[in-house]
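FYI, it's all coordinate maths here, none of it is from the lab. Keep in mind the model is a prediction, meaning the values are calculated, not measured. All Cβ positions, glycine included, derive from the backbone under ideal geometry; neighbour counts span all protein chains shown.
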Amino acid sequence: MENSLQYAFKNPPLLEEALTHPSFAHVMGKTHRHYERLEFLGDAILGAVQADKLFQLFPEVDEGFLAQAKSALGKGTLLAQIAIALDLPFHIKLSPGEIAQGGKMKPNLLASGWEAIIGAIFLDGGYEAAKKTILASYEALFPEGLSRSAIETLLQSDNPKGRLQEHFQGHSAHATLEYTLTDTHGPDHNKRYHVCVKRCDTGEILGEGKGSSKKMAEEEAAGTALQKLTKH
């Protein structure tokens, strides 16, 4: 795993913990540590690095675009692709039952494991070491790494509203979605739109978004909802 990451741990037990799924820890006993705490930390570090890089790459755009791009970069399926490119499925420790259910290739599980590794590197080598690893990891998907063109291409192919609708259609034919404009403010030349997306059958608010257009706000709301669903 260190060879794939191109990072050598000073404290190897941190990597062991990052590679241990809760199912394996449960089999080994209650005192055996697993990756969930490191995942929590790594998620925050990953978000900070993404936000920092986007802020530098796009000095002319508003926060709505930055939030949409960050959401696209942080989606579970994308992180799972990075995890696969780094050979994480070969190293992560799962219970026999989880392995039998195809756990080694579950996108949510792999995304969580990758975030745990980021958390472990942060604790072991600090923010700069984690940042270097994160930025290098995106080269597995984009040959030029996190560049403007790579992110713009990703956003063109990303369709959060469509993916959110597909998710619910796969679970229930009655789970239609409604996007509601909840607020607008600012002068005519620089209006800001706030939108929420909710299930029509239950009234549950799934996500909220804001942007310089209703379309951008709706897409951000859908992206926020997808992020929540990925976490669960």
Do any trypsin sites (Lys or Arg not before Pro) in region 1-60 lie in a DSSP loop with no more than 16 other beta carbon atoms within 10 Å, and if so, which? Lys10, Lys30, Arg33
With everything on Cα atoms, drop me the angle between helix 63-73 and the longest principal axis of the chain, reported from 0 to 90° to the nearest 10. 40
Listing His34, His185, His91 from the residue with the fewest other Cβ atoms within 10 Å to the one with the most, what is the order? His185, His91, His34
Size of region 160-231 as Cα extents on the principal axes (Å, biggest first): 41, 21, 18
Of the candidate values (1) 18.9; (2) 18.3; (3) 17.5, the one computed for Kirkwood radius over Cα pairs in Å from this structure is (1)
Which angle from 0 to 90°, rounded to the nearest 10, does the C-alpha axis of helix 160-171 make with the longest principal axis of the chain? 70
GluC sites (Glu not before Pro) lying in DSSP loop within region 1-85, provided at most 12 other Cβ fall within 10 Å: Glu60
Checking the table Lys131/Lys161; Lys104/Lys228; Lys75/Lys191; Lys53/Lys198 against a 24 Å threshold on Cα-Cα, which pairs fail? Lys131/Lys161; Lys75/Lys191; Lys53/Lys198
